[in-house]
Each structure stands twice: as structure tokens, then as C-alpha cells.
Amino acid sequence: MSAHEPPTSPSIPKFRYSAALASGIEAQWQDYWQQHRTFEAPNPAGPLAEPQKVAGRPKLFVVDMFPYPSGAGLHVGHPLGYIGTDVYSRYKRMKGFNVLHALGYDSFGLPAEQHAIATGVHPRTNTDANISNMRRQLRRLGLGHDDRRSVCTTDEDFYKWTQWIFLQIHGSWFDTDARRARPINDLVDEFSSGRRSTPDGRSWSDLSNDERADIIDSHRLVYLSDAPVNWCPGLGTILANEEVTAEGRSDIGNYPVFKRNMRQWTMRITAYADRLIDDLDRLDWPEPIKLMQRNWIGRSEGARVRFATQVGDIEVFTTRPDTLFGATFMVLSPEHPLVESLTTTEQRTLVNQYRAEAAAAGDTARMDDSREKTGVFTGAYATNPVNGAAIPVWIADYVLMGYGTGAIMAVPSGDQRDFDFARRFDLSIVATQMPPDSWFEQHGIEPSVSCAMWPEAFVGEGTYVNSANNEVTLDGPRSMADAKSIINTWLAEHNLGEPTVTYKLRDWLFSRQRYWGEPFPIVYDDDGRAHAVPLSELPVLLPELDDFRPQALDPDDAVTEPIPPLARVEHWRTVTLDLGDGPRSYRREVNVMPQWAGSCWYEVRYLDPTNTTSFVDSEVEKYWMGPSAPGHTGGVDLYVGGVEHAVLHLLYSRFWHKVLYDLGHVSSEEPFHRLFNQGYIQAYAYRDARGQAVPAHEVIEANGSYSWNGEAVTREYGKMGKSLKNIVTPDEMYDEYGADTFRLYEMSMGPLEVSRPWNTRDVIGMQRFLQRFWRNVVDEDTGACKAQDVTCPEELRRHLHKCIAGVDSDMDGLKFNTAISKLIELNNELTQWINAGNATPREIVEPMVQMIAPLCPHFGEELWRRLGHQESITFVPFPVADPALLVSDTIELPVQINGKVRSRLVVSASTGEQEVIDAVMADEKVRTATNGKQIVKTIVVPGRMVNIVIK
RNA sequence: GCCCGAGUGGCGGAAUGGCAGACGCGACGGAUUCAAAAUCCGUUGUUCGAAAGGGCGUGUGGGUUCAAGUCCCACCUCGGGCACCA
């Protein structure tokens, strides 16, 4: 392993740790690992079983978020997380763990398809080229991945199982009593045995086949719905709610998105809303991500309440049933089904006009809350169930049909929107809670239960007023929770309402009108009824296409019906199958699955990538992902990725995993037990006077201002990207410094979870450190190992053990930046010792090499070999600190006077408190400072410091 | 508007409530060199001072404490998420 090309320049010693030397070393060790299959992790069972290697080691499953193989290749920001997980995995191998670390590719998706449309090149060709380039770039980084497990979602034997999971979901329903998914046949049994009654109460045997199928289909966890969807003509496909930005545009491409009705496959993720929220408490995730998921799911607890009208009850959902007595009017969504029958003759013209306007304005316009409130009176009145008051019924577009029941009871005294509406249209406002005096004081008005002077609604805890009828009263001081519970009980007793929970989360639109995705394993019969393709027919392969274009659509064309590319492949679209009643002709589903499908379960396939009989061997899944203790969710031990998938990938994959768990296919309840959000590496970009980006690496800084070609430019900070001309690639770093220096720099820049700016100029610092380290072990001229079995000074030995203890705990906590500085400090001290003419103590450098190995694996392997070891350093145990060397005999105590350090005192570590005080009082500087002052107090923090308080 | 997260030297960043600025970059000075690069040694928060030494310093203003970058309250700025959600 030591025959490297000598560096080209004659003035540089032959064995200096230069970029050229590093590159040679790195290439050789990468080959070594590949030949020796160093990172192939043994499985306990299944096709990759090596049970004897599994035995006696704890396991660790580390996963990076699934990358999309972009055509642009990697820039230095991309590998940050991969390096972090690699360092951690290598560290854990040295701590005795059986580590599974692999990286696959989320290779279906829009960019490859858009590229195919533009160039006519098959997306597979392009995707494969991108993957090989990315594999090449990552191999050069020296990542310890098990390459056998590098799956791609576009592989036929991968998407076979994506389709299989789809059919599992299609073949199940959610039992709301058991709070879990069950096979759909259980539901058929329940209906046919009479344990469960049919929707209209007829017996199961009296129903026609079609009627039965309708009932069953309506219970499936994935179902066809003809409902409003997010239609994005610019992409030629619909999008999930999570893929639409707050501005009503597509997350990808920023095209306009329109609401329209289309028949789509929809995943019943809402059935899992409660478990998706509740189980967050059992996960080791960053709190902000949990919060984002909670907010996205948006559980609100309240009550459904029915208000009687002449044409039937209006049902509302409210989170504040305790304010029912203050409901002075109702507001219905313009699309509410009762509007038609409620509206009086006199109001009809106005109402129709308003409804037309509301329909014309897009969702986005309606959501613009800076607008003034609009609305129209229907002419009808409803009865407030708690006090019998006749209250007017209005329609207004701020009430959305898609949330709750599409109707609200308006309590203007307690809700700001209702308050605004009431003031605008002069509707009455009745207080149900008396705000505290401080509230009135803040608003500069006299306390009054009359709302006439109130400038805004009062939301909060207050004494209840005006809230009683003959049977129930809330009046007086009481908590909101009590009041809600009292009124809910009363409502239930009188059959006027009941406690309910609603969610913001909507079901997941799962169809995409594209080509480059998994085909649905679904066919339709002549009646248009969907059937599952038999498992034996999987995978349903994508047909070849010559032309990948969806029909050309204007991004603003909201009305034209989309025709997916697969609809044009007539020979593929029609298929003859025997689904139990003889061979018949069926038509295939022509939509494809969204990109999220493959990433919903890929981590499971890492476990058993070559299994042809199951998506994963259950024993293998249990070993790598099973719960570690009763009550533990199980799942990946460490999942690292960016925060941008907080409500997309991380919500969808949890949902799929829970379905698989319910059906008994996995033993883990959650896919990712511990989540770590890495920061981003960003970069400066520069623009000239015209606002054009200029090449960032050509910009010169002088005295805090920046220039390019002699022209002043302005600096901005953001993502690396082509358009900003500020990309730095790993390849440039490999050439200039080698992979180990690059890895070390990325890890040293700051905490892994924090975003930070890239600064090529700083990389040199880590290069110098490795050079000094190298020079301490290797003779730069001869390449000979300098380490000798000599005794080293006690102080250096103590420093080593302190370093071991610190690096060990830093690496365990993913704090690589501080681990690196500890190694640099130790190396600096070692350098001084050696520069003073001493030999290199083997006792110091061997543990140092072991400690640097996870960070700079090629460097570590090479030095380990040069130190005379024949085995790879990968599984050499991490050094252990000697506790006896961590405590020192003497300590330096800072002495503070009134909190300011005035002196330092070296004392024996065993000095008692009184002795310390005596020594402090004898100190010259202390005597000067305290001279003539009264000592009020003396604080001694054992082993840490002394503080004297004087007056 | 609501909810998170973050503000520390010229820069990236360290600091279980206990010596603020570890480590690295940059800058400055020195050694080596014909010279440079590389390497090695040293200085480097700011301010007053010739020096010894002192004052001030972690976004701003208050507070708790013997002691606050760290805890509490209010505010400012930046980044992110959600947004007429009943």
C-alpha cells in the first residue's frame, strides 16, 4: 500500500502529505475496501445471511435521506450529511457495532422526465448516467457503504415491491374501533356475517355484486375519488396538498395550481391522523419537526353542534362549544348544500350573485386575508340550541367547504374574524366571557360586559357571563376545559351535538398524469370498476415510449383535460387477465404513482435488497429495525437529512410504515426512530452593477469590498447553484486537497445541524493539520515510520487520554467539529515535543490514528499500515481513556473578586475547602484587592474556582 | 398575524450557570531561503497606558444570582414553517 507516485515538484519532499500523495493513497484504499468487501454488513437471515458474523455484536442501522440523482452532479453542499453518517458509522464499527450503511437512489421523478421531453432521450438513459456519475463522485469520498444494497426506485425488482405495497394498502381498510388497518376480507366477513351492518341496513346477501363492491371500495385505504384536486397544467399533473406552496404554486417549477375535479387514486392517510400525531411523542426527532407535523395534521378537538332551521339542521364544528351562548349568527360556505333551500326569495338574487363571484375567484384569492370581509344574508334564521335565539344565517367566502362542516357558528365576542364580520355588517355581539381588567386597561376603555366599545374580540380565559339557560349554566369563574365539558355533556343529552375531533390533514392525492413513475397495478373492467392486478403479474412494467410529452398545455390553462402519456400506448393499455372469472379484456390505469412512493419504504429494501420472495425477510427486518424494548417504536437508528421533507416524505413514509405494521409485514411501528436534521452548506454569490451573477471564485476581496475584473460587485448569500455561478464541486476539492482533507473540512466547519457558508480559503487549515500529523508519524523524505516505543512525558500522556475521552463522547453525539479541534490540540502538543528533538512515541500516535480514522479513513488506514499493522483499521477497537489519567494531581484555580478574575492559584487536587481559602487569602493579589474591604462571602466551587465577595 | 429557530472577534465557530473567544482561516512580526513557496516560532476582542496594569465587551433594555453567552421578562434583526382551520 505504499508505492505512491512521488510528487512532481523537486522542492517538495517525496513523502509529504500533498494532494497528489493523498489521491494515490485514497484510490488504493478504496480499491482495498471494495476487494475485501469491508463494508458489506452481514444479515441474520435471507439471501445475504451470514449469521456467524452477526453474532455477539450490537447492530446499528444508519440511513441518509434518499437522494435524487440530479443531472447537475454534486456540489460540496450535498455530501455534508453523507460524510457525517459515514464518520458516525465508522466510529460505531470501531465501538463494536454491526453497522448497516447504504445509499440508494430515488430515481423516478419529474426532472428526468422533463429532460426526456426536451431531448427525446429516454428518462432511463439519462437517469442511469446521472446515477453512475453520482456513484463515481461519492466513491471518491471514501464512504463506507454496503454497495450491494444500493437500490434504485426505477429498478424493476424494486418497483415490483412498491406495487406490491400499493396492493397491500388497496387490500385493506381502517378499523376505527381497533385503530388499525385490517385486510379487506375481514370487512367482507363482518358484513356477510352481519356483525357489521351495511350503510342502508339491508342484509349483505340482499345486495347486488355492484352494491357490495361499492361498499367495499369505499372502505379501502386507497380509493378512487372524484374530488377537487390541485391541477398544475404547467407540469401536466395534479399535485398533493403538500406539494403546493402557500402561494398556490407548484413546489417543483413554481407553476400556477388550480382547483378542479378529477378522478384520482387517494390514500386514506387521514385515518392515521391520530396515530401519526400521538406517536411523535415516542420518536427521537428534533422538536421543530415534530411541531411542523403536528401543525400540518392540525388536530382540533371540539364539538359538532346542530342548529335547527326550517329546511333542516345546520351542523357546525366548533373548538369553543363553551361560547355557544354568544353565537349571534351563522355563516355558511357559499358552496354549502343547504344554501339553495335556505335562501329566501327576496335574497335569492344577491345570494346567487355572491356565489358566482366566490366560485370565480380562485382559492388563492379567497385565502388572501388582507381583503375586507364579504358576505350576504340568506334571509333565513336558525335556532341557537342553547338559548333558542333566532339568529341570521349568512354566507361568506371566508368559510371553507373543505374544513369542518363548511358552516360555522359565529361568536363575534370571542373570535376576531367573526368580530370583523359582525362589525362590517352590523350584527349583534354578545360577550360570553368577561375579560380581565388588564385587557380593558390595555385597550384604554372602561370595563364593560357590553361589547359596544370593544375594539376587538376577547380570546382567552375569563369569567363566564350571559351563558345560562334553564338547565345548564357556565356563568362564573371556571376553566375553559370545564366549561367545554359541561356544555358538551348537555348537548349530548339533548341530542344537539357531540364532542368531535377534526383535522387539517387531507387525504393524499396519489395519481400523477406522467410517464416516469411506477405504474399502478390496477386494471378497469368494462364497467369502469377497478381491480387489483394479481400478485403473480407483478411488476407491471412501464412500456417503452418514443415521445414522452404529455399533450402541450399552457401553464395557465385550467380547463383542458389531461391525457397522460401512458394513455397513448394502446397495446400496453389493453390487457387480458383472468381475475377469477375467466380471461377477459381489461384496461390498465394510465396514471403513475408520485415520486414519494418509492421513498416511502426504500430503507426497508436496504435490509434485504436481493430478496425475490418478499419485500424484506421478516427476521432481517426485526434484526435491523425491530423495537429495542417494549414500547419502543423500532425503526432506523439514525436518519440524517434536510428539514425540507418535514411534512412530505416524513409523513408519507410514516403512514405507509404503519399500514405495513398493522398488516403484520414489519415489526417496527415507525420507519425512522431517530431523526437528525443536518444544516446546509451555502455560499456567497456576487452580482455586478447590472445585477448579473459573476463567477464567485474570480471575485477579489479588499478592505471589506468586492470586485470582479476591476468592477465593484455586491455580495449575497444563498444556495449554491448554476445561476449564481458559485458552485464548488467535490471533484475540485479532491484534486486540490484530496478527499480526506475535504471530509475533515466539512466536518470541522461547525455543528452538523447548522447551516454555514462554504469558504474554500479555509480548507487549507485542515490540510496543514493532516500534514503535521503525517509528518509526526512518517519521515517526509524516506517514507519511513518514525514511531518508536519510547516513553513519553506524563503530560502528553494525560493529554492523550483527555483527548480520547473527549473525542469519544463528541463522536457519539455527532459533534465532529469539537472532536477535530481536540485532535488538533493534541497534535500541536505532540508536534512541539517532536520538534524539540524527541522521538515520536508510538503510545501517542497509534490512538491518534485510530481516532482520526473515522474522519479521514484513507489517511487512517495508510498510517495504520505504516505503523506496522496488517489488518484494516475499520474494526480495530476505538481507544479507551484511562480514568486514572483524566484526573490530575494539581489544579489551577481562578480566584475571583466580585465575579472578576484577579488571580490564579495552583493547588493540589486533594486540597480541602478551608485550605483553599487559606491559600487564597495568603495570595498577594488577593490581599491587595481585599485590603481595607469587608469580606462578605467566600464561595469555593470544588476543583473549579473561588469567588470572594467584598464591600 | 401566529408558531418555531438563531444573533459571540475581520471570518467559520468553542464554552455541564463558574477563567468568554478553544480550534481553524485571515492579518501582523520573526526564523529558514539568493529570493519566493512550503515549513517552523510568536502576536492578534476592543480601548486607555511607555510599561506594569486597568476599563469595556456575547443583538437591545431590564431582572434573578456570589457568579449570566448560558436562566427569566420585554423588545429588535435575520432565517424557517403555517396562515380567514371555525
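The values are calculated or read from the model by the stated rules, or taken from the named source; none is laboratory data. Keep in mind that what you see is a predicted model, and the values were worked out from it rather than measured. All Cβ positions, even for glycine, are placed from backbone atoms using ideal geometry, and neighbour counts span all protein chains on display. Side chains included, ligands, DNA and RNA excluded: accessible areas come from the protein's heavy atoms. Shrake-Rupley method; radii C 1.70, N 1.55, O 1.52, S 1.80 Å.
Mind putting a number on the dipole of chain A about its Cα centre? Charges go on the C-beta only, +1 for Lys and Arg and -1 for Asp and Glu, and I need it in Debye to the nearest 20. Present the calculation step by step, with values, prior to reporting the outcome.
On the way: 95 positive and 128 negative charges, 447 e Å.
About 2140 debye.
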**About the Cα centre, charge dipole magnitude for the stretch A:757-884 (Lys/Arg +1, Asp/Glu -1 at Cβ), debye** = 280
**Prompt:** Under a plain spin-label model, where a point goes 7 Å from the Cα along Cα-to-Cβ, how far apart in nm are residue A:504 and residue A:809?
**Reply:** 4.0
**Item:** Relative contact order %, chain A, counting alpha carbon pairs below 8 Å whose residues are six or more apart
**Value:** 15
**Request:** Straight distance only, please: which aspartates and glutamates reach the Cα of residue A:484 with their own Cα at less than 17 Å, same-chain residues fewer than 8 apart left out?
**Result:** A:301, A:322, A:415, A:461, A:471, A:475, A:493, A:498
**Prompt:** Just how much of residue A:810 is accessible, in Å², when a 1.4 Å probe is used and the result is rounded to the nearest 10?
**Reply:** 10
**Message:** Placing one identical point scatterer on every Cα of chain A and ignoring solvent, what is log10 I(q)/I(0) from the Debye formula at q = 0.06, 0.08, 0.10 Å⁻¹?
**Reply:** -0.61, -1.00, -1.27
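Determine the share of the stretch A:38-100's accessible area contributed by carbon and sulfur atoms, expressed in whole percent, with a 1.4 angstrom probe.
Values: 970 of 1730 Å².
Roughly 56 percent, rounded to a whole number.
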**Request:** Express the carbon and sulfur contribution to the solvent-accessible surface of the stretch A:757-884 as a percent, rounded to the nearest whole number, probe 1.4 angstrom.
**Result:** 50
**Fill in**
Between the modelled labels at residue A:450 and residue A:294 (7 Å from Cα along Cα→Cβ) the distance in nm is 4.2
**Complete:** Sorting A:291, A:60, A:663 on solvent-accessible surface, 1.4 Å probe, most exposed first, gives A:291, A:663, A:60
**Selection from A:905, A:928, A:188, by position along the positive dipole direction of chain A (Cβ)** = A:928
**Fill in**
Plugging the Cβ-Cβ distance of residue A:480 and residue A:212 into 1/(1 + (r/R0)^6) at R0 = 45 Å yields, to the nearest 0.05, a FRET efficiency of 0.45
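On the accessible surface of the stretch A:300-502, probed at 1.4 Å, how many percent belong to carbon and sulfur atoms?
On the way: 4860 of 9430 Å².
Carbon with sulfur: 52 percent of the solvent-accessible area.
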**Request:** At 1.4 Å probe size, with no ligands or nucleic acids counted, give the accessible surface of residue A:681 in Å², nearest ten.
**Result:** 10
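Considering only the stretch A:888-950, what is the antiparallel percent among its DSSP beta bridges, to the nearest 5?
Details: 14 of 17 bridges.
Expressed as a percentage, antiparallel bridges in the stretch A:888-950 total about 80.
With a cut-off of 8 Å between alpha carbons and a minimum separation of six or more residues, what is the relative contact order of the stretch A:444-533 in percent? Intermediate values should be presented prior to the final figure.
On the way: 49 pairs, mean separation 10.4, N = 90.
This gives 12 percent for the stretch A:444-533.
Taking 0.36 nm per residue of sequence separation and subtracting the Cα-Cα distance, how much length would be gained by fully extending the chain between residue A:835 and residue A:346, in nm to one decimal? It would help to have the intermediate numbers written out before the result.
Working: separation 489, 0.36 × 489 = 176.04 nm, distance 9.98 nm.
Net length gain for the segment: 166.1 nm.
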**Message:** Quick check: with the 1.4 Å probe, what order do A:425, A:39 take by accessible area, largest first?
**Reply:** A:425, A:39
**Request:** List, in the order given, every pair from A:259/A:373; A:290/A:658; A:900/A:933 whose Cα-Cα distance in the structure shown is over 19 Å.
**Result:** A:259/A:373
**Prompt:** Over chain A, what is the percentage of antiparallel beta bridges among all DSSP beta bridges, to the nearest 5?
**Reply:** 80
**Complete:** With the charge dipole of chain A built from beta-carbon charges (+1 for Lys and Arg, -1 for Asp and Glu) about the Cα centre, the Cα from A:600, A:381, A:22 projecting farthest to the positive end belongs to A:22
**Prompt:** What does a probe at residue A:882 reach in the stretch A:817-853, counting residues whose amide N is under 14 Å from the point 7 Å along Cα→Cβ?
**Reply:** A:842-845, A:847
**Residues residue A:176 and residue A:416, FRET efficiency given R0 of 22 Å [Cβ-Cβ distance, rounded to 0.05]** = 0.05
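Could the peptides A:706-718, A:150-162, A:100-112 be put in order, highest first, of the mean number of other beta-carbon atoms found within 10 Å of their residues?
Values: A:706-718: 13.2, A:150-162: 20.6, A:100-112: 24.6.
So the order, starting with the most tightly packed, is A:100-112, A:150-162, A:706-718.
At 1.4 Å probe radius, can you tell me the per residue accessible area of chain A in Å²?
On the way: 41330 Å² over 951 residues.
Spelled out: the 1.4 Å probe surface of chain A, per residue, equals 43 Å².
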**Prompt:** Mind listing P(r) for the stretch A:757-884? All alpha-carbon pairs, 10 Å bins, whole percents.
**Reply:** 12, 45, 35, 7, 0
**Prompt:** Which residue, chosen from A:867, A:796, A:767, occupies the Cα position most advanced towards the positive end of the dipole of the stretch A:757-884, where the dipole is computed from +1 (Lys, Arg) and -1 (Asp, Glu) charges on Cβ about the Cα centre?
**Reply:** A:767
**Item:** Those aspartates and glutamates that a straight Cα-Cα span of less than 18 Å connects to residue A:622, excepting residues fewer than 8 apart in one chain
**Value:** A:50, A:603, A:608, A:637, A:662, A:669, A:670
**Item:** Reachable lysines, given that their alpha-carbon falls under 22 Å from the alpha-carbon of residue A:802 and they are not under 8 places away in the same chain
**Value:** A:92, A:95, A:815, A:822
**Request:** With a 1.4 Å probe and every protein chain left in place, tell me how much accessible area residue A:512 has, in Å² to the nearest 10.
**Result:** 10
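I want to verify the translational diffusion coefficient of the stretch A:888-950 in µm²/s; compute it with Stokes-Einstein, Rh as the Kirkwood radius over Cα pairs, at 4 °C and 1.567 mPa s. Display every interim value, and only then the final one.
Details: Rh = 11.5 Å.
This corresponds to a translational diffusion coefficient of 112 µm²/s.
Which value in deg cm²/dmol, rounded to the nearest 500, describes the helix-derived mean residue ellipticity at 222 nm for chain A, given -39,500 (n - 2.57) per DSSP H run of n ≥ 4 and division by the residue count? Each step should come with its number before you reach the end.
Numbers: 30 runs with 315 residues, N = 951.
That calculation yields -10000 deg cm²/dmol at 222 nm.
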**Asked** Roughly how tilted is helix A:842-852, in degrees to the nearest 10 and between 0 and 90, from the longest Cα axis of chain A?
**Response** 20
**Prompt:** With all protein chains present and a 1.4 Å probe, how do A:223, A:737 order by accessible area, largest first?
**Reply:** A:223, A:737
**Message:** Can you compute the modelled spin-label distance between residue A:279 and residue A:245, with each label point 7 Å from Cα toward Cβ, in nm?
**Reply:** 3.2
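Compute the FRET efficiency between residue A:190 and residue A:575 as 1/(1 + (r/R0)^6), taking r as their Cβ-Cβ distance and R0 = 25 Å, and round to the nearest 0.05.
Details: r = 33 Å, r/R0 = 1.30.
The calculated FRET efficiency here is 0.15.
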